[in-house]
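Read through the structure below, which is laid out as structure tokens, and then see the notes.
The values are calculated or read from the model by the stated rules, or taken from the named source; none is laboratory data. Everything numeric in this text was worked out from a predicted model, so none of it was measured. Note that each Cβ is placed from the backbone with ideal geometry, even for glycine, and that neighbours are counted across all protein chains shown.
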Amino acid sequence: MHLTVTTHENPTSMDEYKLLIHFLNFCEENGHRHGNVHFDVDHKLVEDLNGRYGIQPSIEELKKVADRCYAREWLEHAYFGSGRHNGLKLTKKGMGVATSKRKSEKLWRNRSLLKKASDYIEDHKGLFVLLGSATAISGLIISILRKVAENG
Amino acid sequence: MDNSYSIEVVCLFCDATLKIEGGKEYQPGDMIKCSGCGELNNHDSILGIAKERGVKLVKDDLEKELKSKFTNLFK
């Protein structure tokens, strides 16, 4: 079973949350405890991410994402001597981040129509201000032209 | 040993202390918004991590106390 999860920031790019949620989903789908599952940043991981999200990040990009997760204590090494990007596993904090993000994404997708409209306006408020200004300016121009026509 | 401990509940995303607004009570399954970064934190996850930190704190304290007691015993 594959659960497709997208972040509302940018569904086509790779980020830390997608990686963590992939690890968490993998553990849940296969009935493994997060502490017993290790991941390597390799072509297999790229294929798995492509299967889940339909994105194909490069190994270098994935390494950078894994480094950021490691720095934030969301990932740790399962054993020593595996190299910086091999033998990685979710920490309890990483699992919490993945669970929280997955849930908030689900809430975001299932929000009410009114909330969706409100979010759309909030996200595009610049555009609405521009449209409002354009309408006001055109109204002003029309009224000036009308006055000129009346006087002329 | 009769110590009391207090554990701050921190945001999973930015490590800021999570503040509860207006005495609001949270239930398992709720999401708590961080006032620092705005991310939603899963109630159960942050409590699990806080519990783990609490246990470690008590363990370290107990270990320290036992060490000092044994050192004094053989003096």
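When A:65, A:97 are checked against the criterion of being touching a helix residue (DSSP H, G or I) at 6+ places or on another chain (Cβ under 7 Å) and within 12 Å of chain B (Cβ to nearest Cβ), A:97 stands alone in meeting it.
Is the range B:58-73 home to any residue that is within 14 Å of another protein chain (Cβ to nearest Cβ) and either among the small types (Gly, Ala, Ser) or in a helix (DSSP H, G or I) (or both)? Within the range B:58-73, not a single residue is within 14 Å of another protein chain (Cβ to nearest Cβ) and either among the small types (Gly, Ala, Ser) or in a helix (DSSP H, G or I) (or both).
Which fully enclosed helices (runs of 4 or more DSSP H) of the range A:16-71 have 3 or more residues being closer than 18 Å to residue B:45 by Cα?
The qualifying helices (runs of 4 or more DSSP H) are A:16-30.
Only residues that are of a type in the set (S, T, N, Q) and surrounded by 12 or more Cβ atoms within 10 Å (Cβ to Cβ) were counted in the range A:32-52, giving 1. Residues in the range B:27-46 that are charged (D, E, K, R) and either free of Cβ contacts under 8 Å to residues at least 24 places away in the same chain or more than 9 Å from chain A (Cβ to nearest Cβ) (or both): B:30, B:33, B:44.
Looking at B:2, B:61, can you tell me which residue is modelled with pLDDT of 90 or more and out of contact with any helix residue (DSSP H, G or I) (no Cβ under 7 Å at 6 or more places or on another chain)?
B:61
Flag set for residue B:24, criterion: over 15 Å from the mean Cα position of the chain (by Cα), surrounded by fewer than 11 Cβ atoms within 10 Å (Cβ to Cβ) and either away from every other protein chain (no Cβ under 13 Å) or closer than 24 Å to residue A:70 by Cα (or both). Taking the range A:102-114 as the range and being within 8 Å of chain B (Cβ to nearest Cβ) and among the charged types (D, E, K, R) as the test, only A:103 passes.
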